[in-house]
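Accompanying notes for the structure given below.
The values are calculated or read from the model by the stated rules, or taken from the named source; none is laboratory data. Predicted model, so just to flag it, every value in this text is computed and none were measured. We place every Cβ from the backbone using ideal geometry, glycine too, and count neighbours over all the protein chains shown.
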Amino acid sequence: MNRIEVENLNVYFGDAHILKDVNTGIPKNTVTALIGPSGCGKSTFIRTINRMNDLIPSFSHTGNVYLDGKDVYDPKMDVVDLRKKVGMVFQKPNPFPKSIFENVAYGLKIHGISDDDAISARVEESLRAAALWDEVEDKLDNSAMGLSGGQQQRLCIARTIANNPEVILMDEPCSALDPISTTKVEDLIHKLKREYTILIVTHNMQQATRVSKYTSFFLNGEIIESNLTDKLFVDPKNKKTEDYITGRFG
């Protein structure tokens, strides 16, 4: 069953046509990797799912994006509620200049949870889910800015998990991390896919093969090929896909 369905999606920023007739489905509780050269539309695509592109004044679109059968661009859609369901982890860790505890509790408080015990329990649960609790349980009042880059990224994942999303979008979440931190985040992705639908934009094709079940190859705003990751990398059907994954361009 697909959690996300995209039909005939076109995205424009002013006169620039960024995504062109994109049609795809994202299965529930799996990891789907989006690969392709820089500027091919991968990040723009995932930002259509939680309507982050709406923040850019020149953005417009045609086509439909459905989350659990509901069009996310329906005028009746509550965008705040949508972004609670569709969390996002960015390329560079972006913790708030607050304590570790307050970083994770922030979204809970914004969404009206005021019970201190409930907040504390959810913060611990989220930090455990993000494989960070054992490293920070005695430092919860310390500034998040004192954490290493890898710890900050896992904190941002914990902050996303705390809001009970259904989908987690990851835009090159390991590109600013060292290999050890990258391994920890990849291990975390494997655990999270049991409960969440995850889309990950990555330039690292080895990472795509390590973490994802499905892969879509983007080029010039179009999806050239989508398939099970093993099949796409071993036996690509499109010559452009083959050229990209064998390093002939990109």
**Complete:** Within the stretch 1-19, restricting to residues that are in contact (Cβ under 8 Å) with a residue 60 or more places away in the chain and under 24 Å from Phe233 (Cβ atoms), the one that is surrounded by the most Cβ atoms within 10 Å (Cβ to Cβ) is Leu19
**Fill in**
Among Thr209, Thr183, the single one that is without any contact (Cβ under 8 Å) to a residue 24 or more places away in the chain and surrounded by fewer than 24 Cβ atoms within 10 Å (Cβ to Cβ) is Thr183
**Prompt:** If you check Tyr196 against the conditions, is it more than 13 Å from the chain's Cα centre (by Cα), closer than 28 Å to Arg51 by Cβ and buried (at least 20 other Cβ atoms within 10 Å of the Cβ)?
**Reply:** no
**Message:** Checking the structure you have, find out if any residue of the stretch 39-47 is exposed (fewer than 14 other Cβ atoms within 10 Å of the Cβ), touching a residue at least 60 places away in the same chain (Cβ under 8 Å) and of a type in the set (S, T, N, Q).
**Reply:** no
**Request:** Please work out which one of (1) at pLDDT 95 or above; (2) touching a Phe, Trp or Tyr at 6+ places or on another chain (Cβ under 9 Å) is the condition Ile161 fails and give its number.
**Result:** (1)
**Prompt:** Can you name the residue in the stretch 48-74 that is assigned to a loop (DSSP other than H, G, I, E, B) and not hydrophobic (A, V, I, L, M, F, W, C) and is also surrounded by the most Cβ atoms within 10 Å (Cβ to Cβ) among such residues?
**Reply:** Asn50
**Asked** Could you list, in sequence order, the residues of the stretch 22-42 that are of a type in the set (Gly, Ala, Ser) and either at pLDDT below 95 or within 11 Å of the chain's Cα centre (by Cα) (or both)?
**Response** Ala33, Ser38, Gly39
**Item:** Hey, Phe96 crowded, with 19+ Cβ neighbours inside 10 Å, over 21 Å from Ser43 (Cα atoms) and among the aromatic types (Phe, Trp, Tyr) or not
**Value:** no
**Item:** Members of the stretch 121-151 that are crowded, with 19+ Cβ neighbours inside 10 Å, closer than 18 Å to Glu172 by Cα and more than 16 Å from the chain's Cα centre (by Cα)
**Value:** Gly150, Gln151
**Prompt:** Restricting attention to the stretch 100-111, and to residues there that are surrounded by fewer than 19 Cβ atoms within 10 Å (Cβ to Cβ) and not charged (D, E, K, R), which single residue is farthest from Gln152 (Cα to Cα)?
**Reply:** His111
**Positions within the stretch 169-197 being in a strand (DSSP E or B) and in contact with a helix residue (DSSP H, G or I) (Cβ under 6 Å, 6 or more places away or on another chain), in sequence order** = Leu169, Asp171
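A quick yes/no check of all residues on (1) of a type outside the set (Gly, Ala, Ser); (2) touching a Phe, Trp or Tyr at 6+ places or on another chain (Cβ under 6 Å); (3) in a loop (DSSP other than H, G, I, E, B):
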site: Lys76; (1), (2), (3): yes, no, yes
site: Asp81; (1), (2), (3): yes, no, no
site: Phe96; (1), (2), (3): yes, no, yes
site: Phe101; (1), (2), (3): yes, no, no
site: Val104; (1), (2), (3): yes, no, no
site: Leu108; (1), (2), (3): yes, no, no
site: Ser114; (1), (2), (3): no, no, yes
site: Ala118; (1), (2), (3): no, no, no
**Message:** Taking the criterion of being part of a loop (DSSP other than H, G, I, E, B) and either surrounded by fewer than 23 Cβ atoms within 10 Å (Cβ to Cβ) or aliphatic (A, V, I, L, M) (or both), would at least one residue in the stretch 222-233 satisfy it?
**Reply:** no
**Message:** Within the stretch 43-56, does at least one residue satisfy the condition of being modelled with pLDDT of 95 or more, closer than 20 Å to Ile245 by Cβ and of a type in the set (Ser, Thr, Tyr)?
**Reply:** yes
